[in-house]
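What follows is a single structure, written as structure tokens, with notes after it.
The values are calculated or read from the model by the stated rules, or taken from the named source; none is laboratory data. All figures in this text were calculated on a predicted structure; none of them were measured in a lab. When we count neighbours, we look across all protein chains shown, and the Cβ atoms used for this are built from the backbone with ideal geometry, even at glycine. Side chains are part of the model used for accessible areas, which takes the heavy atoms of the whole protein and leaves out ligands, DNA and RNA. Shrake-Rupley method; radii C 1.70, N 1.55, O 1.52, S 1.80 Å.
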Amino acid sequence: MVELYGKTLSRRQVSERSGMLSQFAGVRLMTLGDGVERGIRMLEFRTGSGLRFTALVDRALDIADCDFKGQAIGWHSPSGFRNPGLHEYEGEDGLAWARSFSGLLLTCGLDHILFMNEVPADTYNYPPKNTVRHSLHGRISTIPARLSGYGETWDGDRCVLWAEGIVQQSTVFGEDLHLLRRIEADVGGNEIRLSDRVVNHGFNRTPHMFFYHINVSHPVLDEGARYLAPIRDVVWAGHAGERYEAQKVGYRTVPAPQPRFSEQVWQHELGAGSTGEVPVAVVNDRLGLGFEVVTRKDQLPCTYQWQNFQAGQYALGIEPSTHHVLGNLAARERGEMIWLEHGESRSYDAVFRVLDGAGEIAAAESRIAAIARQPQQDYPQPSGRFPVLGGRS
């Protein structure tokens with residue numbers, strides 16, 4: 001059954017109340033037409049509950065806008081949703097990724113994540129290519145998808161909005177990795193479901209790294225908003241040491257925007273529930289609005305927390321990852337790199353859920369605390385204990 005406007009309706013009853021489902025909900029393909037966004041194909045999802053979000057077909061089917069009942073959830077950075085044809089991957093010594101950094105979700109990978117590295121290219125059997133140079137967070141988020149399909153599908157009295165596409169990160173004498181992405185949302189629902197599979201389409205043994213850069217912003221993010229996670233250990237902080245408390249901003253509570261804020265990043269070791277799921281949320285008690293991200297510990301065992309509270313760039317990132325924040329070279333040295341042979345794949349599942357009202361926020365907080373209670377101090381000292389991951393050497 002479909003929950004719409006305070007009523008539980010069958011498929012027939014929904015049809016009786018409209019000429020087309022698009023009156024209430026649906027998926028619509030459009031093309032952006034101005035500025036740096038010009039030419040980008042975009043799918044707009046509306047569930048009928050007040051949840052609206054967009055998926056950029058020409059930017060890896062990543063999620064750009066996200067709002068609920070007119071209240072923004074996803075981040076819009078100053079860069080805008082830049083057409084990938086304008087992107088310079090090698091620019092600014094590998095930091096040009098920031099010029100295409102905007103939206104609720106940016107996918108990072110597929111053979112590299114985190115900061116710039118130069119790594120061996122010996123698996124590609126091409127003598128002139130001794131190394132591969134990687135820029136920040138890899139290539140995938142600025143590669144257009146081949147759209148396989150989209151629409152609305154009824155299963156009895158349940159209706160699912162969906163889209164599917166394939167994003168190819170491929171080159172001669174290098175990687176040939178394909179991201180197969182499906183996005184779903186129920187009519188009448190408040191959640192987005194993401195199902196990803198990364199496949200080595202090539203015949204060379206290929207490294208694989210992956211994470212979701214999920215960016216929440218105002219008005220969910222505001223002074224007094226809270227970060228909730230089942231933290232068993234605070235492993236690492238990029239600003240640890242004498243700078244750890246210098247900005248008077250810890251990991252638990254969000255401040256107002258600050259003119260000269262310097263980003264803060266943590267890696268937390270998170271617990272999983274009985275089904276293997278890891279929930280993390282950002283909640284605004286004043287508004288009665290929150291946003292929860294649920295991933296699987298066996299797929300994305302590491303989680304980073306990114307805080308960019310700089311005025312004009314105000315965002316908090318929830319970042320579940322395949323690897324530690326130590327990076328590409330460290331993953332190889334520790335024997336934790338994921339290596340994919342021809343036809344091998346890795347799958348990733350995520351749920352993005354709007355928390356509507358104090359009751360849903362309390363329920364999420366209870367779910368999270370039942371797994372592990374996060375540190376109550378704002379500045380827990382990082383342990384430096386990076387658990388061994390199950391990569392294959």
Problem - Cβ-Cβ under 9 Å pairs, at least 6 apart or on other chains, the stretch 16-38 side closer than 16 Å to residue 49 by Cβ, far side assigned to a helix (DSSP H, G or I) and not β-branched (Val, Ile, Thr) - result: 17/23; 21/15
Problem - Of residues in the stretch 125-153 being among the hydroxyl-bearing types (Ser, Thr, Tyr) and either out of contact with any strand residue (DSSP E or B) (no Cβ under 8 Å at 6 or more places or on another chain) or more than 30 Å from residue 57 (Cα to Cα) (or both), the one least open to solvent (accessible area, probe 1.4 Å) - result: 135
Completion exercise
The condition of being open to solvent by less than 50 Å² (accessible area, probe 1.4 Å) and on the phi > 0 side of the Ramachandran plot holds, among 74, 39, 70, only for 39
Exercise for the section: Answer with yes or no whether residue 99 is open to solvent by 70 Å² or more (accessible area, probe 1.4 Å), in contact (Cβ under 8 Å) with a residue 40 or more places away in the chain and not in a loop (DSSP other than H, G, I, E, B). Expected result: no
Practice task
From 55, 72, grab the single residue that is of a type outside the set (Ser, Thr, Tyr), touching a Leu at 6+ places or on another chain (Cβ under 8 Å) and within 30 Å of residue 219 (Cβ to Cβ).
Solution key: 55
Practice task
Those residues that are open to solvent by 20 Å² or more (accessible area, probe 1.4 Å) and more than 14 Å from residue 223 (Cα to Cα), I need them from the stretch 280-307; list them, please.
Solution key: 296, 297, 298, 299, 301
Exercise for the section: Please give the number of the condition residue 339 fails out of (1) touching a Lys or Arg at 6+ places or on another chain (Cβ under 6 Å); (2) surrounded by 16 or more Cβ atoms within 10 Å (Cβ to Cβ); (3) of a type outside the set (Gly, Ala, Ser); (4) more than 14 Å from residue 212 (Cβ to Cβ). Expected result: (2)
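Quick grid of which residues meet (1) within 22 Å of residue 190 (Cα to Cα); (2) in contact (Cβ under 8 Å) with a residue 40 or more places away in the chain:
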| position | (1), (2) |
| --- | --- |
| 246 | no, no |
| 266 | no, yes |
| 273 | yes, yes |
| 285 | yes, yes |
| 322 | no, yes |
| 328 | no, yes |
| 337 | no, yes |
